[in-house]
Every structure is written in structure tokens, then in C-alpha cells.
1. Quick check on my filter: what residues within the range 224-259 are assigned to a helix (DSSP H, G or I) and under 17 Å from S119 (Cβ atoms)?
2. Could you please tell me which pairs satisfy a Cβ distance under 8 Å, a separation of 6+ or placement on different chains, a first residue in the range 154-168 that is under 18 Å from L185 (Cα atoms), and a second residue that is modelled with pLDDT of 95 or more and in a helix (DSSP H, G or I)?
3. Looking only at the range 21-60, filter to residues that are open to solvent by 40 Å² or more (accessible area, probe 1.4 Å), at pLDDT 95 or above and in a loop (DSSP other than H, G, I, E, B); which one of those is farthest from A132 (Cα to Cα)?
4. Being open to solvent by 30 Å² or more (accessible area, probe 1.4 Å), assigned to a loop (DSSP other than H, G, I, E, B) and out of contact with any Gly (no Cβ under 6 Å at 6 or more places or on another chain) is the requirement here; does P216 meet it?
5. Please go through the range 188-207 and pick out each residue that is closer than 26 Å to L120 by Cβ, without any contact (Cβ under 8 Å) to a residue 24 or more places away in the chain and either charged (D, E, K, R) or loosely packed, with under 14 Cβ neighbours inside 10 Å (or both).
6. Restricting attention to the range 81-92, which residues are open to solvent by 30 Å² or more (accessible area, probe 1.4 Å) and either free of Cβ contacts under 8 Å to residues at least 12 places away in the same chain or within 18 Å of L44 (Cα to Cα) (or both)?
7. Can you name the residue in the range 61-80 that is more than 19 Å from R18 (Cα to Cα) and assigned to a helix (DSSP H, G or I) and, of all such residues, is most open to solvent (accessible area, probe 1.4 Å)?
8. Across the range 235-257, which residue is farthest from the chain's Cα centre (by Cα) among those that are β-branched (V, I, T) and surrounded by fewer than 18 Cβ atoms within 10 Å (Cβ to Cβ)?
Amino acid sequence: MYDTFSHDYDRFVNWSARLSYEMPFITRLLNALNPDPHHPPRVLDAACGTGMHVIELARRGYPAAGADLSAGMIAKARQNAQAAGVQAEFAAAGFGALKGAFAASPLFPFDALLCLGNSLPHLLDAQALAAALADFRDCLRPGGLLLLQNRNFDAVLRERQRWMEPQSFREGQDEWLFLRFYDYLPADLIDFNVVTLRRSGNGPWRQEVYTTRLRPLLQAELAAALQAAGFSNITSYGNMEGAPFDPQTSGNLIVQATAA
């Protein structure tokens, strides 16, 4: 899905709005690790997509790297970094392969690791989750920060939420609409679908449909898996402003943890 979707991903996400909203919280946590501006924390974005968080961190002076399983996303991330005029390291590597991809990097071990954008639910069983969290731990120095961002699946599953808010983008005469919805499957899995509609001027709409499988992660399961992987000081928030997590009403599950 993501190799194909990479050419439209930066149209799908309103990066200006998203980064303006998320970066104050992210940088507050990073600066708490080391407030000395001459030694900013080294950061790995473990599912970086087209690299926009990595690029923004690099702009702000943080030594930053990004990884993604999708080679298409990494190719786009490198293009975006070059266009932005920043230096950042990128690798096509998925969960469980991060240490191998970055062990020779001068940034390794990292002071902080981010995994944002509802990425962990792409792991389809508990064993894959445990391996990914162990890999995260091995990429971090002792006392390093882990920051996760998932949807609040406690609420999604309880209410059987299916549709998400549509997204739109316009560029000259071209227009895009993005529709997202879930299909509920047996064995506690869901299919995440993205319908992309595009037209030029008043021409006909053309559509593409992308689908990937997810395993919804509940807050209690994720906290237990983090503890089993050797993380401590596990704290859950309901959004990227640091609001308390409410399993019934929060839109997101944000988890902060400390590596052993």
C-alpha cells in the first residue's frame, strides 16, 4: 500500500497544521532529556513515512534519522529533505530491523525514538509487537525516550467506528479527496482502506483504493508489552498536547516511556 500511496501522501497530510500542533509537545519532551542547546538529543523516527517529522527536527537543530519499511516512502523522504535543504539520515528498514540499519550510524544509540501515525498496529500478532519493542529498546541509550502515537482503539472497537474524517487537497486545477474507513475482520483484525479520488478541473473523477491490515492495540496491552520489553515510566496521554488519556473519549493514544 505505502509504496504506491507515497506519491500522494504529502497531499493527504496537512503537514503545516500537523507539525504546528505536534512539535511543541515533541520538543518539550526532547528538551527535558537534555536542555543544553549545544548537545541536542539524537532522534530516530521509526516509521517516518515521507520524512516530515525528521526534516522539521533537523531544521530545529536535532540530529535526526528516519526509517520506514516502504522504499517508496524513503525515496520521497530523501527528496523532501533535499528540497528542504537539511541533512538527515534515512533507511528503508521496518520494525525489528532498526538496530541493524543504524548500528553503524554516528547517531547510534539514539536519545529518543518516535513511532507516530498509528504505525505499530501494522504488526499483526503479539510476537511481532514484542520484537519491535525490543528493537526500539536496543536502539535507545539507557534512559532514552520512546514516544508512540496510535489511534485510541479502546474507543474505536467499543463503538465500532468505521469512517474517519475526509481529507482534501487542491493544487492548481487538480483536486484530491481522500476517504478512509475500516472493515472489521475475524481474529480481532481490521482492514484500513484509503480511497483516493482525483480530478483535473471539471473532468471526471478517477479513483484508487489502497488497503492494509491492522491489529488494533488497546492501551492495556501496549502498556504491558512495553513493560515486558524493559521500558519504565510508562505514561499515556489522549493527544499530542499531553491531555490525560480517556479510553472512552480520547481520539489518540500517546504513550511516553523510558528505555532501561
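The values are calculated or read from the model by the stated rules, or taken from the named source; none is laboratory data. The model shown is predicted, which means the values in this text are computed figures rather than measured ones. Heads up, the Cβs are rebuilt from the backbone with ideal geometry, glycines too, and the neighbour counts pull from every protein chain shown. Ligands, DNA and RNA are stripped out before the accessible areas are found, and what is left, the full protein with its side chains, is counted by its heavy atoms. Shrake-Rupley method; radii C 1.70, N 1.55, O 1.52, S 1.80 Å.
1. First, pick out the residues of the range 224-259 that are assigned to a helix (DSSP H, G or I): 224-228.
Of everything in the range 224-259, those that are assigned to a helix (DSSP H, G or I) and under 17 Å from S119 (Cβ atoms) turn out to be A225, L226.
2. Close Cβ pairs (under 8 Å, with a partner that is modelled with pLDDT of 95 or more and in a helix (DSSP H, G or I)) amount to D154/Q219; Q161/A155.
3. Ranking the qualifying residues of the range 21-60, first place goes to R60.
4. Values: open to solvent by 30 Å² or more (accessible area, probe 1.4 Å): no; assigned to a loop (DSSP other than H, G, I, E, B): yes; out of contact with any Gly (no Cβ under 6 Å at 6 or more places or on another chain): yes.
No.
5. Just the residues of the range 188-207 that are closer than 26 Å to L120 by Cβ, to begin with: 188-196.
Okay, now just the ones that are also without any contact (Cβ under 8 Å) to a residue 24 or more places away in the chain, so 191-193, 195.
Of everything in the range 188-207, just one residue is closer than 26 Å to L120 by Cβ, without any contact (Cβ under 8 Å) to a residue 24 or more places away in the chain and either charged (D, E, K, R) or loosely packed, with under 14 Cβ neighbours inside 10 Å (or both), namely D191.
6. The first filter runs over the range 81-92 and keeps only residues open to solvent by 30 Å² or more (accessible area, probe 1.4 Å), leaving 82-85, 87-89, 92.
Within the range 81-92, Q82, A83, G85, Q87, A88, E89, A92 qualify.
7. Only one residue tops the list, namely R78.
8. Narrowing the range 235-257 to residues β-branched (V, I, T): 235, 249, 254-255.
Now drop any that are not surrounded by fewer than 18 Cβ atoms within 10 Å (Cβ to Cβ), which leaves 235, 249.
Details: T235: 18, T249: 21 Å.
Looking at the filtered set, the residue picked out is T249.
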